[in-house]
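Asks: I am attaching a structure below and will ask some questions about it afterwards.
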Amino acid sequence: MSDIDDSGDTEADGLRKIIHVDMDAFFASVEQRDNPELRGKPVAVGGSSGRGVVAAASYEARKFGVKSAMPSVTAQRKCPELIFVKSRFDAYREVSQQIRAIFRHHTDLVEPLSLDEAYLDVTEDKLGIGSATRIAELIRQEIRAKTKLTASAGVSYNKFLAKLASDQNKPDGMCVIRPGQGAEFVQSLPVRRFHGVGPKGAEKMDRLGIVTGADLAAKDIEWLRAHFGSFADYLYRAARGIDLRPVRSSRIRKSVGGERTFSRDLSSGSELRETLENIIDIVWGYIERAEAKGRTVTLKMKYTDFQIFSRAKTVDRPIEGKDEFAALSRKLLEEVLPLPMPIRLMGLTLSKLERDGPEEPKRPDAQLSLL
């Protein structure tokens, strides 16, 4: 497999050598590794109760359409043989530390996105290997040898392309996008593959006749701004494979959260309480994965008339665990019931973070959506 300009001209031309490493079905794979009886079987990490949510799914389960953030009852319906296991974040963190040690053996420029993925800038690698492709191969080999797990990697000259590439040959695969190939690669992809384009965004683009990156690249910036507002600049650059963001080994995080838009407006207290429990499960999973500790919980709701309402509660020390986070979230909801009108969206956020952890992936223009 050819590398991205191993001659050294990459840096001179203002380009970097970036690797994105993403563990394959991380939580589920750790469970299958530690319990041989689960290997080769459809596994979901999360609660199996009526209000449970899938935190992660094995590839065997994904074949049936099971995916993260899916209600457990829906997942069980799609895959009757699905095996649920409770999450063990201590085990996942232990493996994550092993993986990060492998990354830092090659470069100090490591930007974790969560427990199971990170960007690495190897333009100047510690071991003097010079080849980003070779470094990615070595990292995947070391991860397999030390953790008995597999990882996929993308290699390119910017973060956007490296992340797209890491998803191209999953699981246990690698893809390299060389300088000069970025725009062609991006324009061959469906726009739903673009980081930040969610289901709603993809639907809107489809209505506008935009299905592939090539369709997007054909639109000028004025047209994009007229239809997508502040998201337009990102889309314009993405369609051309342009991303100038550096890999940052430390980042200032402001909050971790998520929100859910409903298929129909909700108003009854029982429905709202049940929905809140689902959001608590999912958002706490994000908080755990991001290793975030904060003091403020914010409940956000969007009424049927699109007005946004929020209420927050701050405590004098970092929230200690999911039980306290859940209790504060429930209290915020109870304080506003009954609602003056139905709502179409609900979300939770943890903020006033006490220390930095890896930043949770986000849409460029909004919080991660739980759809």
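None of the figures in this text is laboratory data; all of them are computed from the coordinates on show. Every value quoted in this text rests on a predicted model; they were computed, and no experiment measured them. Glycine also receives a Cβ, built like all others from the backbone with ideal geometry; neighbour counts cover every protein chain displayed.
Asks: Run the dipole for the chain about the Cα centre, Lys and Arg Cβ at +1, Asp and Glu Cβ at -1, nothing else charged, and hand back the magnitude in debye, nearest 20.
Replies: Magnitude of the dipole: close to 840 debye.
Asks: Could you pull out the GluC sites (Glu not before Pro) across the stretch 19-109 that fall in loop regions by DSSP (anything but H, G, I, E, B) with no more than 10 other Cβ atoms inside 10 Å?
Replies: Sites meeting the loop and neighbour criteria: 81.
Asks: Along the principal axes of its C-alpha atoms, what lengths does the chain span, in descending order and rounded to whole Å?
Replies: 66, 54, 44
Asks: Restricting to DSSP H runs of at least four residues, report the calculated mean residue ellipticity at 222 nm for the chain, -39500 (n - 2.57) per run over all residues, nearest 500 deg cm²/dmol.
Replies: Estimated from H runs of four or more residues: -11000 deg cm²/dmol.
Asks: Continuing with this model, one more query. Straight-line reach from residue 293: which lysines fall under 17 Å, measuring Cα to Cα and dropping same-chain residues less than 8 apart?
Replies: 254, 313, 322, 352
Asks: Nearest 20 debye, what's the magnitude of the dipole of the stretch 133-207 about its Cα centre given +1 on Lys and Arg Cβ and -1 on Asp and Glu Cβ?
Replies: 200 debye
Asks: Would you mind checking which residues have amide H under 5 Å from residue 189's amide H? H placed 1.01 Å from N; only 5 or more apart, or other chain.
Replies: Under 5 Å from the amide H of residue 189 lie the amide H atoms of 213, 214, each far enough along the sequence or on another chain.
Asks: Okay, next question. Hey, what do the phi angles of the stretch 275-286 turn into as Karplus ³J(HN,Hα) couplings, whole Hz, using 6.51/-1.76/1.60 and θ = phi - 60°, x for Gly and Pro?
Replies: Running phi through 6.51 cos²θ - 1.76 cosθ + 1.60 with θ = phi - 60° gives 4, 4, 4, 4, 5, 4, 4, 5, 5, 5, x, 4 Hz.
Asks: Spelling out what I want: for every residue of the stretch 133-139, take phi, set θ = phi - 60°, compute 6.51 cos²θ - 1.76 cosθ + 1.60 (Karplus), and round to whole Hz; glycine and proline get x.
Replies: With coefficients 6.51, -1.76 and 1.60, one gets 5, 5, 4, 4, 4, 5, 4 Hz.
Asks: Something else about it: Quick one: order 107, 261 by neighbouring beta-carbon count within 10 Å, fewest to most.
Replies: 261, 107
Asks: Take each of the peptides 153-161, 61-69, average the number of other beta-carbon atoms within 10 Å over its residues, and list them starting from the highest.
Replies: For the peptides 153-161, 61-69, the packing ranking is 153-161, 61-69.
Asks: Say the cut-off is 26 Å between C-alpha atoms; which of 41/86; 86/300; 163/200 go over it?
Replies: Result: 86/300 exceed 26 Å.
Asks: Okay, next question. As a test of understanding, state the convex hull volume per residue of the stretch 184-238 from its alpha carbons, in Å³.
Replies: 69 Å³
Asks: Another question, then. Springs between alpha-carbon atoms under 10 Å, Gaussian network over the chain: tell me which of 116, 243, 125 tops the mean-square fluctuations.
Replies: Highest fluctuation of the listed residues: 243.
Asks: In debye, nearest 20, what is the charge dipole magnitude of the stretch 26-89 about its Cα centre with +1 on Lys and Arg Cβ and -1 on Asp and Glu Cβ, if you could check?
Replies: The dipole magnitude comes to about 180 debye.
Asks: Follow-up. Taking H as built 1.01 Å from N, whose amide H comes closer than 5 Å to the amide H of residue 107, not counting residues under 5 places away?
Replies: Amide H to amide H, under 5 Å and 5 or more residues apart or across chains, residue 107 pairs with 126.
Asks: Restrict the search to the stretch 271-358; then list the GluC sites (Glu not before Pro) that DSSP places in a loop and that have at most 10 other Cβ atoms within 10 Å of their Cβ.
Replies: Taking the stretch 271-358 and a limit of 10 other Cβ atoms within 10 Å, the loop GluC sites (Glu not before Pro) found are 320.
Asks: Please give the helix 322-336 orientation as an angle from the longest Cα principal axis of the chain, in degrees from 0 to 90, rounded to the nearest 10.
Replies: 50 degrees
Asks: Calculate one ³J(HN,Hα) per residue across the stretch 27-43 by plugging θ = phi - 60° into the Karplus curve 6.51 cos²θ - 1.76 cosθ + 1.60, and present them in order as whole Hz with x for glycine and proline.
Replies: Using θ = phi - 60°, the values come out as 4, 5, 5, 4, 5, 5, 5, 7, 10, x, 5, 8, 5, x, 10, x, 10 Hz.
Asks: Same structure, new question: How do 131, 267, 96, 114 rank when sorted from fewest to most other Cβ atoms within 10 Å of their own Cβ?
Replies: In order of increasing Cβ crowding within 10 Å: 267, 131, 114, 96.
Asks: Along the charge dipole of the chain, pointing to its positive end and built from +1/-1 on Cβ of Lys, Arg, Asp and Glu, which listed residue (299, 166, 40) has its Cα farthest out?
Replies: So the residue we want is 299.
Asks: When every alpha-carbon pair in the stretch 255-353 is counted, what percent end up more than 23 Å apart?
Replies: 20 percent
Asks: Same structure again: Over the chain, with a Gaussian network built from C-alpha contacts below 10 Å, which listed residue (213, 196, 269) shows the highest mean-square fluctuation?
Replies: 269
Asks: Select from the stretch 194-260 those GluC sites (Glu not before Pro) which occupy a DSSP coil region and have at most 12 other Cβ atoms within 10 Å, ordered by residue number.
Replies: none
Asks: Next question, about the same structure. How many Å³ per residue does the convex hull of the Cα positions in the stretch 26-89 occupy?
Replies: Taking the convex hull of the Cα positions in the stretch 26-89, it is 69 Å³ per residue.
Asks: Which percent, to the nearest 5, of DSSP beta bridges fully inside the stretch 30-150 are antiparallel?
Replies: 75 percent
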